[in-house]
Each structure stands twice: as structure tokens, then as C-alpha cells.
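Accompanying notes for the structure given below.
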Amino acid sequence: MNKSKSTTSESKTHLIQSASAGELHAMLISGVSTGVAVVACSEMDVCRNLPPDPKLPILIWQNLGGSVDDSGGLAEVLIDSNISDVVIFGHYPCEIVELGLRGDVVEDPLLSPGHDHFMGLMTATRQKMRAKYGDRFDREVMMKGTQDFVLRQAEAMFELAEFNLELADRNLRVHAWLELPEIGDVWQYDSKCHSFCTRLIA
Ligand SMILES: [Zn+2]
């Protein structure tokens with residue numbers, strides 16, 4: 001009898017740790033955290049949501065949509081700067097993720113260099129949303145698609161850490177955030193309830 005193997009890797013979202021900017025700040029001050037790296041979409045004003053300067057490294061890594069796969073040299077930077085916490089920071093609405101979900105061809109010369117690569121990174125999320133929602137591109141689908149993409153980048157971060165033995169030794173903590181400028185909030189992914197939610201502690 002044939003045993004079919006799963007072609008998808010096991011989800012790692014249960015490894016994501018929930019911590020707000022305030023909680024990260026407390027971790028930095030107490031020495032629990034030795035530094036934070038933020039992988040975010042290039043559209044975002046990241047600094048307004050980061051912990052106050054703790055005199056420890058807070059690195060910001062921005063690219064199209066906030067992808068880990070597009071972050072050449074990220075593992076080395078995390079090691080060299082003794083980073084203990086990585087925040088995968090997406091936002092909604094995100095024009096770049098929306099393009100990726102629609103699968104549109106883009107003529108914008110500002111987006112074209114990384115566009116094809118980004119479209120590839122969006123494939124799994126785009127297919128998942130299409131399978132579930134068809135050709136719907138309303139707020140619900142865009143929001144769910146954005147969250148799915150952020151979680152996939154968090155999983156890519158775990159895979160990057162597994163691939164790099166020195167980074168694996170760090171027991172890196174990975175957090176997934178979603179900025180919602182329309183309501184002035186930042187949600188954190190909570191693996192206990194499998195969803196992004198607001199936290200009482202800012
Ligand atoms: Zn964006």
C-alpha cells in the first residue's frame with residue numbers, strides 16, 4: 001500500500017511567542033532579551049511601534065511585504081549583533097501584499113526589481129486564499145491573506161534558524177505582529193488561540 005507523504009512542512013506557528021513592544025522592552029531591560037531584529041514591510045513606519053531605546057541592538061530590516069526569504073545576510077546579522085528576538089512585522093492594509101494576493105502583473109519600475117521574487121513568495125498564501133474565497137478580494141480576504149503571509153514569514157524565520165547551526169544555538173524567539181494604522185493598534189499573534197489579537201499591555 002502506498003503511503004502518501006505530506007508535501008508541506010509541518011506548521012511552526014505554535015513556536016511563535018507573543019510579546020508586545022512593552023513586554024519586549026521589559027525583556028531587554030531585564031537581560032532576558034539581548035537584542036531585537038524587526039523584519040517589516042518597506043511601506044511601514046516601524047520606529048513608532050518599537051520599544052524605547054534600551055542601549056541594546058534594535059535592528060530594522062525592511063523589504064517588499066516584510067519577507068524573510070528576501071533578507072540576504074539576515075542570519076549573519078542576527079549572530080553578529082547577538083539578537084535574541086525577531087519580530088515579523090506586517091501591516092494591514094498592505095499594498096504590496098494586496099498585489100501579491102491578486103497576482104497582478106505590475107509595471108511600476110519601483111516595484112519591478114523585487115516584484116517577481118515577491119510574487120513567488122506570495123504563491124502559497126495566494127493559492128490558499130483562492131481555494132477558500134475564490135475571486136473575492138474584500139477586506140476579510142485581504143486581512144486573512146496578510147495574516148497568513150506574516151505567519152509564513154515567521155515560519156521561514158524558524159527554518160532559517162534551523163538551517164544555520166550557530167543561529168539554532170541561540171534559541172531565537174520569534175514574534176509576529178500586525179500593525180493596523182486605521183485603528184491605531186498593533187496585534188500580536190498568540191499561538192494559544194491561533195490568532196492575532198490586541199494585548200492589554202502596550
Ligand atoms: Zn506593506
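Quick check on the range 64-82. Is at least one of its residues over 17 Å from Leu172 (Cα atoms), within 16 Å of the ligand (Cβ to nearest atom), buried (at least 17 other Cβ atoms within 10 Å of the Cβ) and free of Cβ contacts under 8 Å to residues at least 60 places away in the same chain? Yes: the range 64-82 contains one or more residues that are over 17 Å from Leu172 (Cα atoms), within 16 Å of the ligand (Cβ to nearest atom), buried (at least 17 other Cβ atoms within 10 Å of the Cβ) and free of Cβ contacts under 8 Å to residues at least 60 places away in the same chain. Among the residues of the range 184-202, the one identified as open to solvent by 50 Å² or more (accessible area, probe 1.4 Å) and either aromatic (Phe, Trp, Tyr) or modelled with pLDDT of 95 or more (or both) is Trp187. Scanning the range 174-183 for residues that are open to solvent by 40 Å² or more (accessible area, probe 1.4 Å) and touching a strand residue (DSSP E or B) at 6+ places or on another chain (Cβ under 9 Å) yields one hit, Pro181.
Residue by residue, here is whether (1) touching a residue at least 60 places away in the same chain (Cβ under 8 Å); (2) small (Gly, Ala, Ser); (3) closer than 25 Å to Thr125 by Cβ; (4) surrounded by 20 or more Cβ atoms within 10 Å (Cβ to Cβ) holds:
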| residue | (1), (2), (3), (4) |
| --- | --- |
| Gly31 | no, yes, no, no |
| Met44 | yes, no, yes, no |
| Leu50 | no, no, no, no |
| Gln62 | no, no, yes, no |
| Ile88 | yes, no, yes, yes |
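Within the range 127-150, the set of residues being under 13 Å from Val39 (Cβ atoms) and either among the hydroxyl-bearing types (Ser, Thr, Tyr) or in contact with a helix residue (DSSP H, G or I) (Cβ under 6 Å, 6 or more places away or on another chain) (or both) comprises just one member, Phe149.
The values are calculated or read from the model by the stated rules, or taken from the named source; none is laboratory data. Quick caveat: nothing in here was measured; it's all calculated off a predicted structure. Note: ideal-geometry Cβ built from the backbone for every residue, glycine included; neighbour counts use all protein chains shown. Keep in mind that these areas ignore ligands, DNA and RNA; they rest on the heavy atoms of the full protein, side chains included. Shrake-Rupley method; radii C 1.70, N 1.55, O 1.52, S 1.80 Å.
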